[in-house]
1. Are there any pairs with C-beta distances below 9 angstrom linking a residue in the range 275-290 that is under 21 Å from Thr26 (Cβ atoms) and assigned to a loop (DSSP other than H, G, I, E, B) to a residue that is of a type in the set (A, V, I, L, M) and open to solvent by 30 Å² or more (accessible area, probe 1.4 Å), with the two at least 6 apart or on different chains, and if so which?
2. Among the residues of the range 127-134, is there at least one that is open to solvent by 60 Å² or more (accessible area, probe 1.4 Å) and within 16 Å of the ligand (Cβ to nearest atom)?
3. Being open to solvent by 50 Å² or more (accessible area, probe 1.4 Å) and either in contact with a Cys (Cβ under 9 Å, 6 or more places away or on another chain) or under 27 Å from Glu21 (Cβ atoms) (or both) is the filter here; which residues of the range 272-285 pass it?
4. Given the residues Pro310, Pro288, Pro211, which is the only one that is open to solvent by 20 Å² or more (accessible area, probe 1.4 Å) and farther than 23 Å from Gly152 by Cα?
5. Go through the residues of the range 260-268 one by one and say whether even a single one is over 22 Å from Ala224 (Cα atoms), away from the ligand (no atom under 16 Å from the Cβ) and more than 17 Å from the chain's Cα centre (by Cα).
6. Just name the residue that is nearest to the ligand (Cβ to nearest atom) out of those in the range 82-98 that are in contact with a Gly (Cβ under 9 Å, 6 or more places away or on another chain) and of a type in the set (A, V, I, L, M).
7. Would it be correct to say that Ala180 is touching a Phe, Trp or Tyr at 6+ places or on another chain (Cβ under 8 Å) and either without any contact (Cβ under 8 Å) to a residue 40 or more places away in the chain or more than 30 Å from Val82 (Cβ to Cβ) (or both)?
8. Quick one: would you say Gln120 is open to solvent by 60 Å² or more (accessible area, probe 1.4 Å), more than 21 Å from Thr282 (Cβ to Cβ) and modelled with pLDDT of 95 or more?
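The values are calculated or read from the model by the stated rules, or taken from the named source; none is laboratory data. It should be emphasised that the depicted structure is a prediction, and the values quoted were computed from it without experimental measurement. Don't worry about glycine lacking a Cβ; one is built from the backbone with ideal geometry, like all the others, and counts go over all protein chains shown. For accessibility, only protein heavy atoms count, side chains too; no ligands or nucleic acids. Shrake-Rupley method; radii C 1.70, N 1.55, O 1.52, S 1.80 Å.
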Amino acid sequence: MPARRSVRRPEILVYNPDEAEAYARTIRPPHGRSVAIHTAATEPEAAAIIGDIDIVYGWKFPAALYAKASRLSWHQVMGAGVDWALVPELPPTVVITRAPGVFGTWMSEYVLGWCLWVTQRMETYRAAQREQRWLGTLLPGRLRGATLTLVGVGDIGRTIARAAASVGMKVIGVSRSGRAVPGVSRVHRVADLHRALAAADFVVLVVPLTPKTRGLIDARALSAMKSSAWLLNIGRGALVDDPALLDALRGKRIAGAVLDVFPREPLPPEHPLWRLDNAVITPHISGPSTPDELAPIFNDNLARWLAGRPLRHVVERRRGY
Ligand code: OXD
């Protein structure tokens, strides 16, 4: 009897500290194809198996493990940003893919919610309520007619632009190319960043973290903003020069900042930002990843990978996104 040739099944590692099992349950290889699915929540768990793995589907995969990942050919990133995956340890043969189209709607609600928190003076009315005080002399502000400057007009920025325009805000953008974007009244090049900041009532940072954008919002950029303007950072903490932001907030040189991301997360308890009245701190929740929303992107690329076809949403390493 001829010996049966055993065909090795592709091995997938789902790496996520909290929800690896939930992501694993959404994996659907195409009909007739079989894959082996492993899960890991910690570096030691992943280290035990990474040598056999062809595909990582992961969030903040430990860079130190790439050295042992000799079979790895594709890493699908969970999450909006890919900066943590583009480390020097990443072998040049590994393709990284992003998950566009998922986070913009979450982040639009976050941005509009906090812009409304400002203009509707929610905190002030609630404080008056606690004192049984009828604050009828104070009117809310309006988002209609206010200017929102989006630093970054990729797929998330564009979704935010549509949401902001739907409530009558004027949207200005800043991008590398300065190319026109639908729904954005004017897109400035990065060289004109300060002009775009000066026009804003709200500045939203939604640009990827790359060597070119690190520290983009420095003391000069902050001083270009109106003293009545708010900064919302939903990109990466390191886009902003931390000491310069603290100075600007303490000196009331800007009205305030809504910050969802920080150079170090969790924000350490001793960090002075916690205690500033004009800083709102949220714990990196503006654009959550959920297994069900990422599944169509992963499964579509899995079918492509198994068929030897080009993957979608491939990150350009040189650009950093
Ligand atoms: C991220 C995310 O990439 O929260 O930071 O998705």
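1. Matching pairs, first to second residue: Gly287/Ala80; Ser289/Ala80.
2. Within the range 127-134 (the criterion being open to solvent by 60 Å² or more (accessible area, probe 1.4 Å) and within 16 Å of the ligand (Cβ to nearest atom)), the answer is no, since none of the residues qualifies.
3. Pro283, His284, Ile285
4. So the residue among Pro310, Pro288, Pro211 that is open to solvent by 20 Å² or more (accessible area, probe 1.4 Å) and farther than 23 Å from Gly152 by Cα is Pro310.
5. Among the residues of the range 260-268, at least one is over 22 Å from Ala224 (Cα atoms), away from the ligand (no atom under 16 Å from the Cβ) and more than 17 Å from the chain's Cα centre (by Cα), which makes the answer yes.
6. Within the range 82-98, the match that is nearest to the ligand (Cβ to nearest atom) is Val82.
7. Criteria not met by Ala180.
8. Here the answer is no, as Gln120 does not meet what is asked.
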